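A short worksheet on the structure shown next.
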Amino acid sequence: DAGVIQSPRHEVTEMGQEVTLRCKPISGHNSLFWYRQTMMRGLELLIYFNNNVPIDDSGMPEDRFSAKMPNASFSTLKIQPSEPRDSAVYFCASRPRGANTGELFFGEGSRLTVL
Amino acid sequence: AQSVTQLGSHVSVSEGALVLLRCNYSSSVPPYLFWYVQYPNQGLQLLLKYTTGATLVKGINGFEAEFKKSETSFHLTKPSAHMSDAAEYFCAVTLGTGGFKTIFGAGTRLFVKA
């Protein structure tokens, strides 16, 4: 079975550019999470969705960040405009339907470098 | 506020020695606790979890953890370290309030010396 699929795996961009990160959760999973990982701040929960609806976006750093989940099989995290301090690894994770206390399944991450 | 604290950002052990990684949580409601492992350039994968029932839980690769409510702890142990255990380990808690979101500790990097 395919796991959580993230794209791109690596992105290098210049300050001010728009960045879009993509995630395809595991089929049948209905919760989706976006995390950001940096050396300084560790793993931060940015936003999560349940049944395509955003439940908690209190971790989104600022208005430059936005996330959508138009359907059960696709989500995007957008940064516009990007800044060097946004450089990090962004992980998407999903959780099975009916398993609110269950494990998260992680993608391999998207490494973003903003110059 | 709910939180997860991992004591020690780096732990170094010799091959064959006991591994002990510490995790304490703060939660006003019964938590669901997890340990994840991350190898370089990879996502996180589950080692073990505690939801209800037996407080000593066993996971993959010989790891186990014990939920101690009185100490609000969920420390991870392995009797004998192997070189392949070198990785970063994250303690996590899923909270039953606020929609079952999962938050992670800062992580502990385990080094295993030959």
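The values are calculated or read from the model by the stated rules, or taken from the named source; none is laboratory data. Just so you know, these numbers come straight off a predicted model, no measurement behind them. Cβ placement follows ideal geometry from the backbone for every residue including glycine, while neighbour counts extend to all protein chains displayed.
Quick notes
- Output for the stretch B:75-114, where each listed residue is assigned to a strand (DSSP E or B), over 12 Å from the mean Cα position of the chain (by Cα) and aromatic (Phe, Trp, Tyr): B:PHE111
- Qualifying residue in the stretch B:56-70 (condition: in a loop (DSSP other than H, G, I, E, B) and over 29 Å from A:ARG111 (Cβ atoms)): no
- A:SER31 vs. criteria within 20 Å of A:GLU108 (Cβ to Cβ), assigned to a loop (DSSP other than H, G, I, E, B) and of a type in the set (Ser, Thr, Tyr): no
- Scanning the stretch A:25-45 for residues that are under 11 Å from B:LYS101 (Cα atoms) and touching a Pro at 6+ places or on another chain (Cβ under 9 Å) gives A:SER31, A:LEU32.
- Test: residue in the stretch A:51-70 that is within 14 Å of chain B (Cβ to nearest Cβ), surrounded by 20 or more Cβ atoms within 10 Å (Cβ to Cβ) and at pLDDT below 95: no
- One residue stands out in the stretch A:1-28 among those that are of a type in the set (S, T, N, Q) and in a strand (DSSP E or B): the one that is farthest from A:ALA72 (Cα to Cα), namely A:THR13.
- Qualifying positions in the stretch B:54-76 - of a type in the set (Gly, Ala, Ser) and without any contact (Cβ under 8 Å) to a residue 24 or more places away in the chain: B:ALA54, B:GLY62, B:SER70
- Screening the candidates B:GLY98, B:GLY43 for the property of being within 14 Å of chain A (Cβ to nearest Cβ), surrounded by fewer than 17 Cβ atoms within 10 Å (Cβ to Cβ), in contact with a strand residue (DSSP E or B) (Cβ under 7 Å, 6 or more places away or on another chain) and at pLDDT below 95 yields one hit, B:GLY98.
- Only one of the numbered conditions (1) within 12 Å of chain A (Cβ to nearest Cβ); (2) farther than 27 Å from A:ASN50 by Cα; (3) crowded, with 17+ Cβ neighbours inside 10 Å is violated by B:SER73, and that is (1).
- Test: residue in the stretch A:6-24 that is surrounded by 14 or more Cβ atoms within 10 Å (Cβ to Cβ), under 24 Å from B:ILE103 (Cβ atoms), more than 11 Å from the chain's Cα centre (by Cα) and of a type in the set (A, V, I, L, M, F, W, C): no
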